[in-house]
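Participant: Take this structure, written in structure tokens, and hold onto it; I'll ask about it next.
The values are calculated or read from the model by the stated rules, or taken from the named source; none is laboratory data. Predicted model only: the values in this text are computed from it and were never measured. When we count neighbours, we look across all protein chains shown, and the Cβ atoms used for this are built from the backbone with ideal geometry, even at glycine. The protein model used for the area step is the full one, side chains on, heavy atoms only, and it has no ligands, DNA or RNA in it. Shrake-Rupley method; radii C 1.70, N 1.55, O 1.52, S 1.80 Å.
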Amino acid sequence: MSYESVEKTNVNIKTERLQLLFLFVFSFLLFVNTLSHQYALDDSIVITENSLTKEGLSGIPEIMKRDAFYGFFGGERNLVAGGRYRPLSIATFAVEYHFLGKNPFFSHLVNALLYSICVLLVFLIMKLWLKNHFNNKHYLSIPFLIALLFAAHPIHTEVVANIKGRDEIMGLLGALGAMFFFWKYLFHKKLPHLIFAFVCFFLGLLSKENVITFLPLFALAVYFFEPKKLKSAILPSIGFLALSGLYLYLRHIFTGTDFTPSMTVLNNAYIHATESERLATILFTFGKYLQLLIFPHPLTHDYYFNQIPLQSWSSPGVIISLLLLLSALAYGVFGLLKRDPVAFGIIFFLATFSIVSNLFFNVGTTMSERFMFMPSLGFVLIFTILTHRLVKKFVIENKRIQYRAIIIGLFVLGFSVKTLERNPAWENNYTLFSTDIKYSPNSAKLNSALGGTLIEEAEKNVTAEEKADLLNSATFYLNRAVQIYPNFSVAWNLLGNAHYLKGSPLDSMRFSYSRALQANPANFDANLNFGMVLNANKRYNESVRLLERAASLQPNSFNAWFHLGDAFYQLGEAGKSLQAFYTAVSLNPQSHNAYYRIGMTYGRLRNDFDNAILNFERAIEINDGIHYYYEDLGVAYGFKGQHRQAIEAFLKVIELKPDYGQAYFNLGTSYLALGDTVRANENFAISQQLQ
């Protein structure tokens, strides 16, 4: 090799390293303002309220053989067709939880770093694919501009800024890693490269099932960019096919679900649509996706019923979308014969989009911006190459690179500003829902979610005026949710909760909870909340029926059993009350209140003061700061004639609550029983002064 060749190679390596460094730092900085964010949206499903995640490392074996929703619901739920088998990303959350507990900062940091690595892989793969089509040795080469545009695109904010979106990032990382090592194998024929490709592909599948759409893209990429290597791609293609089959088998075994669409409009937007309306609406959303890829504003996380109403074929949006799709298909077909990179970009886009388009499988919602994470790579490939060709046609040769860079740079700048502006919306549920309701006002789900979040805010330490304002706003959005979708059981339940916190009449709460149960009799929260409200209003016979149903729906619910025990206690049914309370303490052995209520049941309903004392003392062992635990302990000792022990208990009451007149009266009574009239009279006098 000549000196000039070595020098040229060193320059190219240095250029590539600088490009990689810039892309990594640029990608990370785009999301650095998410690091201080809290958990939001579906993070509760995979992290904060996922029982398997919270088991840490010990929960991983179960995570690897369960549906993604299992740890959240405590069982299999066929909420969406085909289930969701994505154990790998959830396993990473379990690892984080094991060592760091709830630590959203670290989780956001991991997302940002993984995204930055993803961008690097985009750049490296584009260099491999396009090396024979463009001069890619310049700093502002086509692969670099593609990666830069991909990194900056605001449609990715949902995936990166929402921790749960890690499944999308890891899925694409696996797919791109497989493509990278597959390409290395084609040229170097080293077995480790092929093994790495297979490992990356399978790990990608375990992160997100969308990776299976890459299956035909391996061979197609070879056909387009290295046709002489097509025969060498046969063996790896068989391996990728076999791994896909293995994944589908595991998915079938572990999710235990089929592809029957959900029967609720919130998880199946097309349940009431004709086939004509379904296809027209799918086409409309295709056009909407293209609009967001070109002009990503406004962005919102929610497109659930009825933000995008069912469309007809007379809709201008549907007609325009159809023309765009037909044009893309025609270009893709003709470009396939010419091995045009733009045609490959079209095929890449349509292939990765197919699985989330609702055309072949119901994905649970009309559309979602996160569904564009993989297809957007095809879009930026198309956009960058078409921009290059436009510049090449109208700009003189020595100015082409500058003009190309300026045009792409303006888009990168605009996209970056939008990304940085969009990220703060993902800080927490309140900011996300209150921001996006402006752009998704007709989503029943978002109106309900915002209403529920406002209720949570109202239950925090706020002033009475702030609480009233929050609850009034919550009621407004929840009423709008049930207007959009009258059978929205969750929203009706939340509306009942809002009325309870507002101190509304029982009839208002009864109406809301009844509508919730009418829409879904198996709504655990509605059964529990309605039962608790009826308990508070002394409608014990009614509450028992609801609380028994709640306990049957979720046998591991402490609250259901505790409040059922309370209802039976109020009805004087000691046996059933004790059974419910003992079930409650078996679920939560540290519940001092449950032990206290068991003691009350024994003492007041059975006159069994030995067991009453035993359980009062257990309650005090757990929490020794509640005065009435000691008060009832003293009363129980008094009934047993153990007045000295009663005196000790009543003195503790006075220590905890010095201005409680009844405690002095009880203390005086105990002294009187011992014949100490002086102390008895002293305490009676204090009691009279305080009462």
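Participant: Would you mind stating whether S543 is surrounded by fewer than 16 Cβ atoms within 10 Å (Cβ to Cβ) and in a helix (DSSP H, G or I)?
Facilitator: no
Participant: Of the residues T285, T255, which single one is touching a residue at least 60 places away in the same chain (Cβ under 8 Å), closer than 23 Å to R66 by Cα and among the polar types (S, T, N, Q)?
Facilitator: After ruling out the rest, the residue left standing is T255.
Participant: How do the helices (runs of 4 or more DSSP H) wholly within the stretch 86-197 filter down when requiring 2 or more residues that are of a type in the set (A, V, I, L, M, F, W, C), modelled with pLDDT of 95 or more and over 23 Å from the mean Cα position of the chain (by Cα): which remain?
Facilitator: Per the criteria, 104-130, 142-152, 166-188.
Participant: Test T453 against the criterion of being open to solvent by less than 50 Å² (accessible area, probe 1.4 Å) and among the β-branched types (V, I, T), and give yes or no.
Facilitator: The answer is yes for T453.
Participant: In the stretch 401-409, is there at least one residue being aromatic (F, W, Y), in a helix (DSSP H, G or I), within 28 Å of H133 (Cα to Cα) and open to solvent by less than 30 Å² (accessible area, probe 1.4 Å)?
Facilitator: No: zero hits.
Participant: Residues of the stretch 434-474 being in a loop (DSSP other than H, G, I, E, B) and within 24 Å of the chain's Cα centre (by Cα), which ones?
Facilitator: Matches in the stretch 434-474: I437, K438, Y439, S440, P441, N442, S443, E459, K460.
Participant: Out of the residues in the stretch 518-540 that are buried (at least 20 other Cβ atoms within 10 Å of the Cβ) and hydrophobic (A, V, I, L, M, F, W, C), which is nearest to the chain's Cα centre (by Cα)?
Facilitator: Across the stretch 518-540, the extreme among qualifying residues is A526.
Participant: Of all the residues that make up the stretch 478-513, how many are hydroxyl-bearing (S, T, Y), in contact with a Phe, Trp or Tyr (Cβ under 8 Å, 6 or more places away or on another chain) and within 20 Å of M532 (Cα to Cα)?
Facilitator: The total comes to 2.
Participant: So how many residues does the stretch 657-679 have that are more than 58 Å from the chain's Cα centre (by Cα), assigned to a helix (DSSP H, G or I), small (G, A, S) and surrounded by fewer than 19 Cβ atoms within 10 Å (Cβ to Cβ)?
Facilitator: Of the residues in that region, 1 qualify.
Participant: Filtering the stretch 358-382 down to residues that are over 22 Å from the mean Cα position of the chain (by Cα) and surrounded by fewer than 20 Cβ atoms within 10 Å (Cβ to Cβ), which residue is nearest to S443 (Cα to Cα)?
Facilitator: Out of the qualifying residues, it is L359.
Participant: Now, a different point. Given the options Y513, Y477, Y430, name the one that is assigned to a helix (DSSP H, G or I) and under 20 Å from the mean Cα position of the chain (by Cα).
Facilitator: Y430
Participant: OK, next. Consider Q38 against the criteria (1) more than 17 Å from the chain's Cα centre (by Cα); (2) open to solvent by 40 Å² or more (accessible area, probe 1.4 Å); (3) not aliphatic (A, V, I, L, M): it satisfies all of them except one. Which criterion is unmet?
Facilitator: (1)
Participant: Given the criterion of a type in the set (D, E, K, R) and buried (at least 24 other Cβ atoms within 10 Å of the Cβ), identify the matching residue among E168, E226.
Facilitator: Just one listed residue meets the conditions, E168.
Participant: Also: Determine, yes or no, whether Y439 is free of Cβ contacts under 8 Å to residues at least 60 places away in the same chain, open to solvent by 30 Å² or more (accessible area, probe 1.4 Å) and not aliphatic (A, V, I, L, M).
Facilitator: Considered against the rule, which asks whether it is free of Cβ contacts under 8 Å to residues at least 60 places away in the same chain, open to solvent by 30 Å² or more (accessible area, probe 1.4 Å) and not aliphatic (A, V, I, L, M), Y439 comes out as no.
Okay, residues lined up against (1) under 20 Å from G177 (Cβ atoms); (2) hydrophobic (A, V, I, L, M, F, W, C); (3) open to solvent by less than 30 Å² (accessible area, probe 1.4 Å):
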residue	(1), (2), (3)
V211	yes, yes, yes
A233	yes, yes, yes
L241	yes, yes, no
H252	no, no, no
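Participant: From F394, F349, F361, grab the single residue that is hydrophobic (A, V, I, L, M, F, W, C) and at pLDDT 95 or above.
Facilitator: F349
Participant: Right, another one. Can you pull out the residues in the stretch 614-646 that are open to solvent by 30 Å² or more (accessible area, probe 1.4 Å) and among the aliphatic types (A, V, I, L, M)?
Facilitator: Selection gives L614, I622, I626, V635.
Participant: Could you please tell me which pairs satisfy a Cβ distance under 8 Å, a separation of 6+ or placement on different chains, a first residue in the stretch 412-431 that is open to solvent by 30 Å² or more (accessible area, probe 1.4 Å), and a second residue that is of a type in the set (V, I, T)?
Facilitator: So the pair list comes out as P424/T431; N429/T453; Y430/T453.
Participant: When both residues are 6+ apart or on different chains and their Cβ atoms are under 9 Å apart, which pairs have a first residue that lies in the stretch 598-619 and is aliphatic (A, V, I, L, M), and a second that is assigned to a loop (DSSP other than H, G, I, E, B)?
Facilitator: Pairs that qualify, where the first residue is aliphatic (A, V, I, L, M) and the partner is assigned to a loop (DSSP other than H, G, I, E, B), are L605/G572; L605/E573; I613/K640; I613/Q642; A619/S591; A619/I626.
Participant: Can you name the number of the only condition in (1) modelled with pLDDT of 95 or more; (2) in contact with a Leu (Cβ under 7 Å, 6 or more places away or on another chain) that Q590 fails?
Facilitator: All conditions are met except number (2).
Participant: If you go through the stretch 640-651 one residue at a time, do you hit one that is closer than 21 Å to G565 by Cα and out of contact with any Leu (no Cβ under 9 Å at 6 or more places or on another chain)?
Facilitator: no
Participant: What pairs can you find where one residue is in the stretch 667-691 and within 15 Å of I654 (Cα to Cα), the other is in a loop (DSSP other than H, G, I, E, B), and their Cβ atoms are less than 8 Å apart, with a gap of 6+ or different chains?
Facilitator: Matching pairs, first to second residue: L690/D659; L690/Y660.
Participant: Among the listed residues L206, L235, identify the single one that is among the aliphatic types (A, V, I, L, M) and under 33 Å from the mean Cα position of the chain (by Cα).
Facilitator: Selected residue: L206, the only one of L206, L235 that is among the aliphatic types (A, V, I, L, M) and under 33 Å from the mean Cα position of the chain (by Cα).
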